[in-house]
Amino acid sequence: MCWCSVWQELFTKLNDYSHKPMLRKASHHLINYRMLLRVVGWLLLIEAVFLLFPAFTSLAYGEADWLPFAATACGTALTGGLLATRTRPTSSHMGKRDGYLLTASVWIVFSIFGLIPFLFCQHPLTLSDAFFEAMSGFTTTGASVLDSVSHMSHGIHLWRALMQWIGGMGIILFTLAVIPMLNHSGGMQMFNAEVTGITHDKISPRISQTAKNLWLIYILLTIVLILLLWAGPMNFFESICHAFGAISTGGYTTSSMGISVWHDSLYVKVVLIVFMFLGGVNFGLIYKAAKGNFKALRDNDVFKAYIGIIFLMLVLFSISIAWQGEAHDWQSVTVDPLFQIVSTITSTGFTVTNFEAWGPFVLSLTFVMMFFGACAGSTSGGAKIDRILYLFKNADNELYRCIYPHSVLSVKINGRVVNPELVSKVIAFLCIYMLLIVGGGMALTACGVPIVDAFFSSFSCLSNTGLGAGITGYGNSYDILPDLAKWILAILMLIGRLEIFTVLVLLTPSFWRR
């Protein structure tokens with residue numbers, strides 16, 4: 001009996017030991033909701049600080065809108081404080097699923113709290129309009145439901161500018177920069193889920209230092225742009241708002257006429273062209289160039305393609321403008337089309353003139369640029385030139401295999417062979433991207449939106465460009481659309497900003513399984 005008891009006890013211990021790794025592994029598949037809530041709390045505290053800036057601005061200008069901003073800041077800080085201090089996670093570990101869920105939910109939470117000032121300002125919006133405006137701001141889409149922004153308070157203008165400036169580089173990326181502890185708690189997962197692009201190269205060994213370096217470049221470029229615009233015809237407040245809109249490639253302005261208010265100012269157009277262009281460049285490349293590594297820029301296939309596309313579009317735009325009889329002076333065939341090209345390809349959405357008057361060929365080229373977007377790792381929207389290069393090079397290989405079926409070919413970008421699985425993921429992304437545009441357009445037609453306007457609006461919001469055409473075109477706004485259509489477009493903005501997979505993966509049953 002004694003030996004039987006010993007063997008039974010030994011067998012039980014071995015059995016328990018053999019299951020421990022499996023239990024630990026299974027626990028890693030659980031979503032750490034308490035840690036997610038704590039991080040959301042920290043993020044809301046950060047948003048509350050940003051809400052104070054428009055509150056003080058309205059107070060300084062003697063506007064009544066300081067009260068909604070102050071009250072929203074207090075409510076946001078209270079909610080964030082409670083989540084950050086009262087939520088006690090058993091572990092600070094966050095895995096890949098936590099990163100996806102946190103990234104997607106934070107953008108929605110920020111928009112929910114960010115819309116509150118729009119509901120209670122001097123010229124209040126409806127809930128649908130306020131959510132659309134907030135989501136458009138944070139995702140740097142730049143589409144607006146405001147027929148006229150000239151009557152809005154300085155606080156509202158600054159908040160619209162701040163939203164797109166925060167969203168340009170990324171809410172999560174900002175958090176990784178100011179909360180270094182997340183470097184050990186799923187920081188890389190959150191970084192990959194939010195930063196645009198196919199692959200993400202860390203410019204520093206630690207993800208928090210990478211975030212700090214990217215935000216440092218972003219802030220320095222913003223400060224330089226503010227000073228340059230202030231040196232021109234804009235006052236200091238206008239310079240801040242337009243600098244935030246240009247470097248984030250957001251596109252919100254302080255005038256109902258947009259940038260066309262300064263249409264006669266060659267200085268303003270040239271300065272904005274330069275900084276919108278920089279907003280479309282991979283900020284990792286800008287950082288390397290700032291450190292003296294210009295070879296990284298010179299040898300980058302995507303950057304060279306970016307410049308080449310802009311040059312080709314300028315030639316085609318100029319020919320079309322001359323053909324349509326719109327060439328009134330040298331600026332109308334050089335600076336004006338270049339401004340519109342850079343604004344479109346970077347998804348900024350600034351306009352200096354009614355580009356629809358340049359003819360249908362220009363409009364079709366605009367569609368192409370909206371689809372392409374600029375470089376991955378930038379603040380721009382669209383599918384990104386990186387993915388287009390992958391697609392074209394893979395298509396070229398497939399055409400070659402039609403003649404030589406046994407040949408072994410690979411896709412090379414920047415002199416490096418690309419993993420075939422990555423190429424497949426890019427093709428899947430582009431297919432889903434097109435399906436979302438079609439699906440969004442069909443959903444809008446069901447809401448009663450004219451078919452051309454429906455598909456263009458779907459395309460514009462998914463690509464985070466914000467340009468309007470037809471009923472939402474030059475001089476109009478998205479206010480004319482039904483409320484349901486605005487919610488659909490707001491969802492498309494979020495999906496486009498987080499580059500599809502981060503949001504759609506949450507809808508798969510496998511995401512929620514252990």
Flag if residue 119 is buried (at least 21 other Cβ atoms within 10 Å of the Cβ) and assigned to a helix (DSSP H, G or I): no
Considering 104, 134, which residue is in contact with a Leu (Cβ under 8 Å, 6 or more places away or on another chain), hydrophobic (A, V, I, L, M, F, W, C) and more than 11 Å from residue 163 (Cα to Cα)? 104
Single residue of region 407-453 satisfying the filter (over 29 Å from residue 306 (Cα atoms) and among the polar types (S, T, N, Q)) that is farthest from the chain's Cα centre (by Cα): 407
Exactly one of (1) open to solvent by 20 Å² or more (accessible area, probe 1.4 Å); (2) hydroxyl-bearing (Ser, Thr, Tyr); (3) assigned to a helix (DSSP H, G or I) is unmet by residue 148. Its number? (3)
Take residue 409 and tell me if it is of a type outside the set (D, E, K, R) and assigned to a helix (DSSP H, G or I). no
Could you check region 26-85 and list, in sequence order, the residues that are closer than 14 Å to residue 115 by Cα, touching a Ser or Thr at 6+ places or on another chain (Cβ under 8 Å) and not small (Gly, Ala, Ser)? 44, 47, 51, 65, 69
Contact list, first residue from region 80-105 and among the basic types (Lys, Arg), second anywhere and surrounded by 15 or more Cβ atoms within 10 Å (Cβ to Cβ) and at pLDDT below 85, beta-carbon distance below 7 Å, six or more apart or interchain, is 96/189; 97/31
So if I check each of 146, 127, 158, which one is modelled with pLDDT of 95 or more and under 22 Å from residue 351 (Cα atoms)? 158
Just give me the residues in region 111-145 being among the polar types (S, T, N, Q) and closer than 18 Å to residue 492 by Cβ, in sequence order. 111, 128, 136, 139, 140, 141, 144
Counting only residues that are of a type in the set (Gly, Ala, Ser) and part of a helix (DSSP H, G or I), which one in region 412-429 is least open to solvent (accessible area, probe 1.4 Å)? 428
How many of the residues in region 167-185 are open to solvent by less than 10 Å² (accessible area, probe 1.4 Å) and either part of a helix (DSSP H, G or I) or modelled with pLDDT under 80 (or both)? 9
Near pairs, Cβ below 6 angstrom, 6+ apart or cross-chain, from region 50-62 (polar (S, T, N, Q)) to any residue that is open to solvent by 70 Å² or more (accessible area, probe 1.4 Å) and not in a loop (DSSP other than H, G, I, E, B): 58/66
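Quick one: which residue in 261, 315 is without any contact (Cβ under 8 Å) to a residue 60 or more places away in the chain and under 27 Å from residue 154 (Cβ atoms)? Let's see the steps before the verdict.
Numbers: 315 fails: under 27 Å from residue 154 (Cβ atoms).
Going through 261, 315 in turn, just one is without any contact (Cβ under 8 Å) to a residue 60 or more places away in the chain and under 27 Å from residue 154 (Cβ atoms): 261.
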Reported set for region 122-145 where residues are part of a loop (DSSP other than H, G, I, E, B) and under 15 Å from the mean Cα position of the chain (by Cα) is 139, 140, 141, 142, 143
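Residues are listed down the side, and each one gets a yes or a no for (1) open to solvent by 40 Å² or more (accessible area, probe 1.4 Å); (2) closer than 20 Å to residue 265 by Cα:
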| site | (1), (2) |
| --- | --- |
| 302 | no, no |
| 306 | no, no |
| 315 | yes, no |
| 330 | yes, yes |
| 343 | no, yes |
| 360 | yes, no |
Please count how many residues of region 227-272 are surrounded by fewer than 21 Cβ atoms within 10 Å (Cβ to Cβ) and among the hydrophobic types (A, V, I, L, M, F, W, C). 10
Could you count how many residues in region 345-358 are assigned to a helix (DSSP H, G or I) and crowded, with 17+ Cβ neighbours inside 10 Å? 3
Selection count, region 26-65, where residues are in contact with a Pro (Cβ under 8 Å, 6 or more places away or on another chain), under 24 Å from residue 158 (Cα atoms) and assigned to a helix (DSSP H, G or I): 2
Over region 282-300, the set of residues open to solvent by 40 Å² or more (accessible area, probe 1.4 Å), free of Cβ contacts under 8 Å to residues at least 12 places away in the same chain and among the small types (Gly, Ala, Ser) is 292
Any chance region 372-395 includes a residue that's open to solvent by 50 Å² or more (accessible area, probe 1.4 Å) and more than 30 Å from residue 298 (Cα to Cα)? no
Looking only at residues that are closer than 21 Å to residue 250 by Cβ and of a type in the set (Val, Ile, Thr) in region 372-412, which one is modelled with the lowest pLDDT? 379
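The values are calculated or read from the model by the stated rules, or taken from the named source; none is laboratory data. Since we're looking at a predicted model, the values are computed, not measured. Because the Cβ atoms are built from the backbone with ideal geometry, glycine has one as well, and the counts that use them run over all protein chains shown. Remember, those area values only see protein heavy atoms, side chains included, never the ligands or the DNA or RNA. Shrake-Rupley method; radii C 1.70, N 1.55, O 1.52, S 1.80 Å.
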